1. Which one is surrounded by the most Cβ atoms within 10 Å (Cβ to Cβ) among residues in segment 164-186 that are free of Cβ contacts under 8 Å to residues at least 40 places away in the same chain and β-branched (Val, Ile, Thr)?
2. Examine segment 86-95 for a residue that is in contact with a Cys (Cβ under 7 Å, 6 or more places away or on another chain), among the aliphatic types (A, V, I, L, M) and within 30 Å of Leu136 (Cα to Cα), and state whether such a residue exists.
3. Condition first: assigned to a loop (DSSP other than H, G, I, E, B) and more than 19 Å from Ser75 (Cα to Cα). Now tell me which residues in segment 121-134 satisfy that.
4. Going by the structure shown, is Ile127 within 19 Å of Tyr161 (Cβ to Cβ), β-branched (Val, Ile, Thr) and surrounded by fewer than 24 Cβ atoms within 10 Å (Cβ to Cβ)?
5. Give segment 162-209 a look and list any residue that's among the hydroxyl-bearing types (Ser, Thr, Tyr), outside any helix (DSSP H, G or I) and within 23 Å of Ala109 (Cβ to Cβ), or say none.
6. Out of Val91, Val72, Val129, Val148, which single residue is farther than 25 Å from Cys178 by Cα, touching a Phe, Trp or Tyr at 6+ places or on another chain (Cβ under 9 Å) and of a type outside the set (D, E, K, R)?
7. Can you tell me which residue within segment 146-163, out of those that are more than 16 Å from the chain's Cα centre (by Cα) and of a type in the set (A, V, I, L, M), is surrounded by the most Cβ atoms within 10 Å (Cβ to Cβ)?
Amino acid sequence: MPAFDLHERPLRELNRALHALRTDTNETLWRVANPDGRHSIAVGLDAPVTVEIGGNAGYYCGGMNKQATVIVHGSAGVGVAENMMSGAVHVHGDASQSAGATAHGGLLAIYGNAGSRCGISMKGIDIVVRGSIGHLSAFMAQAGTLTVLGDAGEALGDSLYEARLYIRGTVKSLGADCIEKPMRDEHRAQVYAKLEAAGLAGEVDPAEFRRYGSARQLYHFHVDNAGAY
């Protein structure tokens with residue numbers, strides 16, 4: 001089990017070692033001590049390994065992830081799991097703005113709150129937030145799911161495409177072209193599956209969530225909608 005103490009060894013050395021891993025590696029559990037909010041920890045991974053970070057991480061932790069599981073035992077800065085393709089990132093604290101930005105796949109589970117623009121331009125990722133999210137979350141979200149057990153800030157889903165947003169608490173306001181939609185059995189089943197993946201299935205009832213999606217009025221320019229663009 002490789003262990004890195006970032007008080008003793010540079011972050012560049014850790015990332016270089018992780019990038020060199022083969023997909024059939026037997027070094028499948030890595031532990032990182034004393035992260036102290038350093039930026040870009042465990043970015044660009046492409047191997048089925050688990051990296052446990054023992055403290056707070058800075059910007060872009062777990063960004064561009066493929067296959068790996070990154071666990072942050074603390075909070076994470078801007079852009080955690082940014083542009084993730086597959087695998088999972090778990091944050092056992094709060095996340096700053098733009099969590100999961102542009103990510104194409106995988107699971108991002110945040111067990112505290114997330115800041116503004118959570119899931120901005122998401123393209124297939126599943127994001128589960130145990131707490132609440134800030135303003136402009138899921139802005140221009142194209143695909144994937146955002147499941148929030150708490151509340152959502154202003155302009156949720158502004159300029160939304162086909163991502164599905166499930167919010168259990170209150171929504172301060174909806175963004176342009178985002179509307180509430182009916183919750184059917186298939187959507188409750190999807191909520192349960194996402195909660196189960198994040199280890200939260202036993203905490204809440206999927207029937208308590210509301211679904212939000214695109215009204216599909218801004219897909220093509222029309223002069224009557226000019227003020228909404």
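1. Applying the filter and picking the extreme gives Ile179.
2. No, segment 86-95 contains no residue that is in contact with a Cys (Cβ under 7 Å, 6 or more places away or on another chain), among the aliphatic types (A, V, I, L, M) and within 30 Å of Leu136 (Cα to Cα).
3. Selection gives Ser121, Met122.
4. When the stated conditions are applied, Ile127 does not pass them.
5. Of everything in segment 162-209, those that are among the hydroxyl-bearing types (Ser, Thr, Tyr), outside any helix (DSSP H, G or I) and within 23 Å of Ala109 (Cβ to Cβ) turn out to be Tyr166, Thr170.
6. Selected residue: Val91, the only one of Val91, Val72, Val129, Val148 that is farther than 25 Å from Cys178 by Cα, touching a Phe, Trp or Tyr at 6+ places or on another chain (Cβ under 9 Å) and of a type outside the set (D, E, K, R).
7. Leu160
Values in this text are rule-based calculations from the coordinates and carry no lab data. This structure is a prediction, so every number in the text was calculated from the model and none was measured. Please note: Cβ atoms are built from the backbone with ideal geometry, for glycine as well, and neighbour counts cover all protein chains shown.
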